[in-house]
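See below for the structure under consideration.
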Amino acid sequence: MPAAPTRLPLHSILATCFALALGTPALAAAQGAAWPAVVPRPEHLTLGTGQPFVLGNGVALVAATDDSAARDVADYLRFELAPIQTRAEPAPGAGTILLRITPGGTLGQGSYRLEVIRDEIQITGADADALFHGVQTLLQLLPPGFETPPGATRDPERAWAIPQVVIEDRPRFRWRGVLLDVARHFLTAEQVKRQITLMARYKLNVLHWHLTDDQGWRLEVPALPRLTSVGAWRTEEDGTRTGGFYTADDIREVLDHARRHHVTVVPEIDLPGHLSSAIAAYPWIGCTGDSLTVPTTWGVFNDVLCIGSPRALEFADTVLATVLRLFPSPWIHLGGDEVPTLRWQSCAPCQALMRAEGLETEGELQGWFTRRMARTLTERGRTLIGWDEVMDRGPLPPGVVVQAWRGPDRTRAALMAGAPIIASPGEAYLNAPPDGLPLERVYAFDPLPDSIPPDAAERLLGSEAAFWSEHITAANLDPMVWPRLLAFAEAVWARGPREWRDFRARLERDHHTRLSRLGVTLGPADRALATFEPGYDSVTRQVYVRAVPGMPGIEIRTTPDPIPDSGTVTVAAVLNGNVLPLGRRFTLEPHLAWGCPVELASPPSPRYQGTGPYTLTDHALGSTDLHDGFWQGWLGTDLEATIDLGRVADVREVTGSFLHDFRSWIVAPSAFTVWLSMDGAAWQEVGAMTREEALPDDRPVKMRLVVSPPSAVRARWVRVRARSSGPLPDRHAGAGRPSWVFADEVVVKGEEGGGSRE
């Protein structure tokens, strides 16, 4: 007979966890080395005091049911235990692992029970998914050393001890998802399968596969080949071509892998907005018919599906038919977020459809489209999911699932309105760097807002951790995901109170090693992977970038090194030989005012200080990223600067370098005026340039305003004024609010063309 188990209440388990975290000997006295560091934390756990179960060759692995699903779970476990040899039937003297499905389970729907004694392990699940989750817990009871690094082979002769334990467990939420955005940066099918493997280990059960967006179309649609020949690729600012897509075979491969890991794959095709990549392939699906290029920047774009065009609606139907043919998921996500109505307002077919359907606003036009697509899905036994904006654009059909992303208030509103909800607020957006969303804050996340009545709370299906990939590639996916996804997994699984110190102790004792052995590169808990702070040394007249790695293994590379006087410079973070989508890229342009002092009529915003007082004369030109550290910004006022060249020189040309990023409320100056002076008292206006060029609303651009006197003018002082464009226009979401002026340099050229460090 095995020794009687010792039941530990949860508070006792937590106490021993605290002891471990604090480095005290109390844990050894209480439980020895057998304390199981399971993530997510089980609802009930009882530790035994007898001899452990020894896993080695000859152990019987038995599915005690005729249910094929149970046999599939047994096959999965057999694969995970390889090369340990298992028997199909119990044998005298050998241990047995018994798997079975008992509808209802000990704790109800979705629950499992795992019991380990000296010669037997029993895992009972209320259904096949629950049984699979019990197997994941069993794998975590094995020592971290059991995990096999990629490319390595586990010793088939080694025996592994599993402590005696009884665990009864069930999930808090049925929907425990991960949103993987492959539209902005593509991941191969193998890389997606790897993420499924890892998320399933921690009982996450939904992969929300974000397959299309403005920056890339990743799903092959045979009837629309240009979606992938054109829409799946973009040319970056540095000239490189990036992209990729999935064939039907790729999709089937990923889905088969997900099925074996009890993960439901929910595809997302963005309709009717975030469609630039598709419009680039087929301009006739947009309202203007204009040709586009696949964008290289992020944000909200005005070109959307022309809902009033029967041909464009046929496009949507064709795409949806392909999705339905490939994906068996009960849910199909059609986006619906961030859909500008500007194009519809001036589109004759869209306006005609609105009149025919009795729609008063363009927002209602989107609602009409959503209801149309929902009917199509319902007729085929599927359910539409949309982001929470779909609630604002007319009545929703019953059953449509709302994914609330704009904070707990949106989750609360949707629940109270009677819709089924998936909560994905900012606390679950793990694409945010760890210094902005640290591990402890993720662990404290609760998908259910406060003060929700029980009947409304039941409509909360669960939550998703989002990995939007504007700044995530395969190179930095791991350290952005792990270990924060462990905290999210526990937040959506575990019932009852959670204790941060207990969780942190389990991670440090077990899962850091476990994940590392699985080939996962763990990121920092509460700081950025790397920080980059541009600056300027007024003594040496040299631009620099102070770069600090945020985790072991990151190397900072500057190219060229040392930084030259002119040309393009890249400062990059490299991890495991791969360049991370971080760093800084800037251009150095010598000129007469290089390193000269600047007097400003009004100081720049504290939020946008550039490289310091010499920003406008440091000879460094920034990128189109307003946050790159090279830009100074003025809100609602003109930029006026006076520069002392320190000597009299022939001035031939003065150029202001500005940023225009309409979506970020930054508008290029309406005019640029230049004055010159010999003594700093008497000033001569030598020219002005009025901006006449129409600039894009949907992407950031850099522009230069140039003033060239008819002939060279001798001067020591240069004064410039960049006139603000004033309040934002009516077509902007912030209409009437002040706009920004952003500048990174005032370039002064003379007869010789430029300047030097001497």
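General observations
- Any chance residue 348 is aliphatic (A, V, I, L, M), over 16 Å from residue 213 (Cα atoms) and more than 25 Å from the chain's Cα centre (by Cα): yes
- Of all the residues in region 530-542, those that are among the polar types (S, T, N, Q) and outside any loop (DSSP other than H, G, I, E, B) number 2.
- Filter result (closer than 18 Å to residue 126 by Cα, modelled with pLDDT of 90 or more, open to solvent by 20 Å² or more (accessible area, probe 1.4 Å) and out of contact with any Ser or Thr (no Cβ under 7 Å at 6 or more places or on another chain)) within region 46-75: 63, 71, 72
- Put simply, of 168, 190 the only residue that is surrounded by fewer than 24 Cβ atoms within 10 Å (Cβ to Cβ) and more than 29 Å from residue 334 (Cβ to Cβ) is 168.
- Residues in region 287-310 that are among the acidic types (Asp, Glu) and open to solvent by less than 20 Å² (accessible area, probe 1.4 Å): 303 only.
- Matching residues in region 605-637 - criterion: being touching a residue at least 40 places away in the same chain (Cβ under 8 Å), open to solvent by 40 Å² or more (accessible area, probe 1.4 Å) and more than 27 Å from residue 564 (Cα to Cα): 635, 636, 637
- So residue 487, is it part of a loop (DSSP other than H, G, I, E, B) and crowded, with 17+ Cβ neighbours inside 10 Å: no
- Comparison of 127, 155, 119 shows that the only residue that is within 30 Å of residue 49 (Cβ to Cβ), more than 27 Å from the chain's Cα centre (by Cα) and touching a residue at least 12 places away in the same chain (Cβ under 8 Å) is 119.
- Residue check for residue 558: free of Cβ contacts under 8 Å to residues at least 24 places away in the same chain, open to solvent by less than 60 Å² (accessible area, probe 1.4 Å) and in a strand (DSSP E or B): yes
- Of all residues in region 365-419, those that are part of a helix (DSSP H, G or I), of a type outside the set (Val, Ile, Thr), over 14 Å from residue 338 (Cα atoms) and open to solvent by 10 Å² or more (accessible area, probe 1.4 Å) total 11.
- Selection within region 669-692 - farther than 18 Å from residue 745 by Cβ, surrounded by 14 or more Cβ atoms within 10 Å (Cβ to Cβ) and among the hydroxyl-bearing types (Ser, Thr, Tyr): 670, 677
- Some residue of region 329-337 being assigned to a loop (DSSP other than H, G, I, E, B), out of contact with any strand residue (DSSP E or B) (no Cβ under 8 Å at 6 or more places or on another chain) and modelled with pLDDT of 95 or more: no
- Close Cβ contacts (under 6 Å, 6 or more residues apart or on different chains) running from residues in region 249-264 that are assigned to a helix (DSSP H, G or I) to residues that are of a type outside the set (S, T, N, Q) and open to solvent by 40 Å² or more (accessible area, probe 1.4 Å) are absent.
- Of the residues making up region 240-250, those that are surrounded by fewer than 24 Cβ atoms within 10 Å (Cβ to Cβ), under 20 Å from residue 469 (Cα atoms) and not polar (S, T, N, Q) are 241, 243, 244, 245.
- The residue that is surrounded by the most Cβ atoms within 10 Å (Cβ to Cβ), counting only those in region 273-286 that are in contact (Cβ under 8 Å) with a residue 24 or more places away in the chain and more than 23 Å from residue 387 (Cα to Cα), is 280.
- Taking the criterion of being touching a residue at least 40 places away in the same chain (Cβ under 8 Å) and either small (Gly, Ala, Ser) or within 18 Å of residue 614 (Cα to Cα) (or both), the only residue of region 546-555 that qualifies is 550.
- Looking across region 73-89, the residues that are touching a residue at least 40 places away in the same chain (Cβ under 8 Å) and touching a Lys or Arg at 6+ places or on another chain (Cβ under 7 Å) come down to 76, 83.
- Among all residues of region 32-42, there is at least one that is open to solvent by 40 Å² or more (accessible area, probe 1.4 Å) and closer than 23 Å to residue 146 by Cα.
- In region 693-709, the residues that are open to solvent by 60 Å² or more (accessible area, probe 1.4 Å) and under 12 Å from residue 664 (Cα atoms): 699
- Exactly one residue out of 514, 546, 504, 527 is open to solvent by 10 Å² or more (accessible area, probe 1.4 Å), part of a helix (DSSP H, G or I) and modelled with pLDDT of 95 or more, and it is 504.
- Residue that is surrounded by the fewest Cβ atoms within 10 Å (Cβ to Cβ) [pool: residues in region 530-543 that are in contact with a Gly (Cβ under 8 Å, 6 or more places away or on another chain) and of a type in the set (D, E, K, R)]: 533
- Test for residue 748: is it in contact with a helix residue (DSSP H, G or I) (Cβ under 9 Å, 6 or more places away or on another chain) and at pLDDT 95 or above: yes
To keep it simple, each residue is scored yes or no on (1) in contact with a Cys (Cβ under 6 Å, 6 or more places away or on another chain); (2) surrounded by fewer than 16 Cβ atoms within 10 Å (Cβ to Cβ); (3) closer than 24 Å to residue 297 by Cβ; (4) modelled with pLDDT of 95 or more.
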site	(1), (2), (3), (4)
435	no, yes, yes, yes
451	no, yes, no, no
466	no, no, yes, yes
473	no, no, yes, yes
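- Residue 640 being out of contact with any Lys or Arg (no Cβ under 9 Å at 6 or more places or on another chain), among the charged types (D, E, K, R) and either surrounded by 17 or more Cβ atoms within 10 Å (Cβ to Cβ) or in a strand (DSSP E or B) (or both): no
- Reported count of residues in region 112-132, each being open to solvent by 10 Å² or more (accessible area, probe 1.4 Å) and either part of a helix (DSSP H, G or I) or charged (D, E, K, R) (or both), is 8.
- Residue in region 77-91 that is surrounded by 15 or more Cβ atoms within 10 Å (Cβ to Cβ), among the small types (Gly, Ala, Ser), more than 20 Å from residue 197 (Cβ to Cβ) and at pLDDT below 95 present: no
- Filtered by the rule that a residue be under 20 Å from the mean Cα position of the chain (by Cα) and open to solvent by less than 10 Å² (accessible area, probe 1.4 Å), region 420-433 gives 422, 423, 424, 425, 428, 430.
- Only a single item in (1) among the β-branched types (Val, Ile, Thr); (2) open to solvent by less than 50 Å² (accessible area, probe 1.4 Å); (3) outside any strand (DSSP E or B) is not met by residue 569, and it is number (3).
The values are calculated or read from the model by the stated rules, or taken from the named source; none is laboratory data. All of these numbers come straight from a predicted model, not from anything done at the bench. Cβ: placed from backbone, ideal geometry, glycine included. Neighbour counts: every protein chain shown. Quick note on the areas: whole protein, heavy atoms, side chains included, nothing else; ligands and nucleic acids left out. Shrake-Rupley method; radii C 1.70, N 1.55, O 1.52, S 1.80 Å.
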